[in-house]
Amino acid sequence: MKKIIDIAPLVVFVLLVLALFSFLQRDNNQLNSVLIDKNFPEFTLTKLEDEDIILSKSDISHFPAIVNVWATWCITCRVEHPFLLNLKKESKIKIYGLNYKDDRQKALSLLERDGNPFEFSIYDKEGSLAIDLGVYGAPETFLINSDGIIKTRHVGALTPEIWNKKFVIHLK
Amino acid sequence: MKSLFFSIILAISQVIWSVGIQNLDVQKELYPFDTGEEEIRFNKLLDDYRCPKCQSSNLSGSNSPIARDLKIEIYRLVKEGKKDYEITEFLTQRYGDFILYKPPFQPSTYLLWIGPFALLLIAILCVFLVKRSKQKKVSDTDLRALKKKFKSESEKR
């Protein structure tokens with residue numbers, strides 16, 4: 001008994017250090033989205049490709065779908081671009097773009113030059129829909145299931161590994 | 001030499017001071033309010049919300065684009081006459097409790113809120129137990145020594 005009491009502080013200390021260390025290892029850049037298992041938010045914004053067309057939530061009509069937040073000023077989005085083009089080619093999933101705080105002309109010419117993986121892009125000049133989605137850095141990708149519910153969110157460039165780990169499980 | 005050093009320090013601090021004042025002026029120009037009360041509330045809110053991008057600074061201390069957007073959003077909400085709790089609700093519905101520097105007391109944060117007190121209690125308990133076991137040891141040996149002494153003295157007689 002006496003021995004146990006003597007080493008108890010050391011054991012508690014070691015456990016505490018281990019616990020705190022394991023928290024350090026966690027990736028803080030991936031915040032959990034509060035919108036998971038919620039409906040995609042309503043919006044009224046113009047289409048990137050045609051400023052006379054007003055889009056709303058009902059225009060995202062083919063599910064399952066992903067909504068990808070992108071911009072021409074976002075370098076990581078360009079890294080991700082080939083993955084999205086490939087996804088469009090090889091998967092039945094529909095990809096919708098959310099062009100985030102961008103210049104319409106620049107965005108259109110980038111899509112023309114590098115290819116357009118999106119059904120269309122929502123033009124969110126002020127970032128209002130982005131705030132409703134809890135976006136804090138492009139690129140971000142939201143998966144919407146056939147009921148129009150957000151199932152997962154990824155911050156940062158998509159890769160085949162992340163796609164398989166975080167998205168494919170919701171598509172079955 | 002010493003005075004040169006001091007005058008350099010003084011010059012630098014003056015520059016920093018004036019830049020700070022300018023920043024305040026810019027903030028006043030960017031987010032004009034009708035009443036001082038609104039302005040105080042706005043500044044207090046910016047201090048209490050965390051920037052989701054930079055994470056270790058609050059909204060008022062961050063110049064990242066998302067912090068700027070959120071400032072504009074909060075400015076709009078304050079101007080609309082929204083209450084503090086409504087603005088907090090607006091932000092947590094989008095960014096989660098993460099945006100709060102003071103997280104709410106709920107099952108997922110019990111450890112955070114109670115942990116330090118629990119640790120303090122454990123520490124007090126440990127000190128108490130260790131001290132008591134030491135005291136017991138001392139009194140045990142004292143007793144034995146006393147007995148021995150008593151025995152030897154009685155043998156002498």
Highest-fluctuation residue, A:F13, A:F142, A:F118 considered, GNM on chain A with Cα pairs under 10 Å: A:F13
Additional length obtainable on full extension of the chain from B:S64 to B:R76, 0.36 nm per residue less Cα span: 2.5 nm
Antiparallel DSSP bridges in the protein assembly as shown: what percent, to the nearest 5? 65
Given labels modelled 7 Å from the Cα in the Cβ direction, how far is it in nm from B:D34 to A:S22? 5.5
Show me the ranking of peptides A:74-82, B:101-109 by mean Cβ neighbours inside 10 Å, starting with the highest. A:74-82, B:101-109
Apply the Kirkwood formula to chain B: the hydrodynamic radius equals the inverse of the mean of 1/r over all pairs of different alpha-carbon atoms; give it in Å with one decimal. 21.7
Mind checking the mean number of beta-carbon atoms from other chains within 10 Å of the Cβ atoms in A:3-14? 3
Quick one: plug the Kirkwood hydrodynamic radius of chain A (C-alpha pairs) into Stokes-Einstein at 4 °C, 1.567 mPa s, and report D in µm²/s. 73
Can you tell me the convex hull volume per residue for the protein assembly as shown, based on C-alpha atoms, in Å³ to the nearest whole number? 295
Taking chain B as the reference, fit the longest principal axis to its C-alpha atoms, fit the long axis of helix B:36-48 to the helix C-alpha atoms, and give the angle between the two in degrees, 0 to 90, nearest 10. 50
Using a cut-off of 18 Å between alpha-carbon atoms, which aspartates and glutamates can reach B:K136, once sequence neighbours fewer than 8 places away in the same chain are excluded? A:D6
Averaged over its residues, how many other protein chain Cβ atoms are within 10 Å of peptide B:54-66's Cβ atoms? 2
For region A:29-46 and region A:99-172, write down the distance between their C-alpha centroids in whole Å. 11
Spin-label pair A:K38/A:V79, simplified geometry with 7 Å Cα→Cβ offset, distance in nm: 2.9
Candidates A:V17, A:V69, A:V135, ranked by Gaussian network fluctuation over chain A, Cα under 10 Å, top entry: A:V17
Please state the equivalent ellipsoid semi-axes for region B:28-104: what are the square roots of 5 times the Cα gyration tensor eigenvalues, largest first, in whole Å? 19, 14, 10
Of the DSSP H helices in chain A, those whose Cα atoms cover at least 27 Å axially and whose Kyte score averages 0.0 or more: A:2-24
Taking one equal scatterer on every alpha-carbon of region B:106-157, how large is log10 of I(q)/I(0) by Debye at q = 0.19, 0.23, 0.28 1/Å? -0.74, -0.83, -0.95
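No value in this document is a laboratory result; all are computed from the given coordinates. Since we're looking at a predicted model, the values are computed, not measured. When we count neighbours, we look across all protein chains shown, and the Cβ atoms used for this are built from the backbone with ideal geometry, even at glycine.
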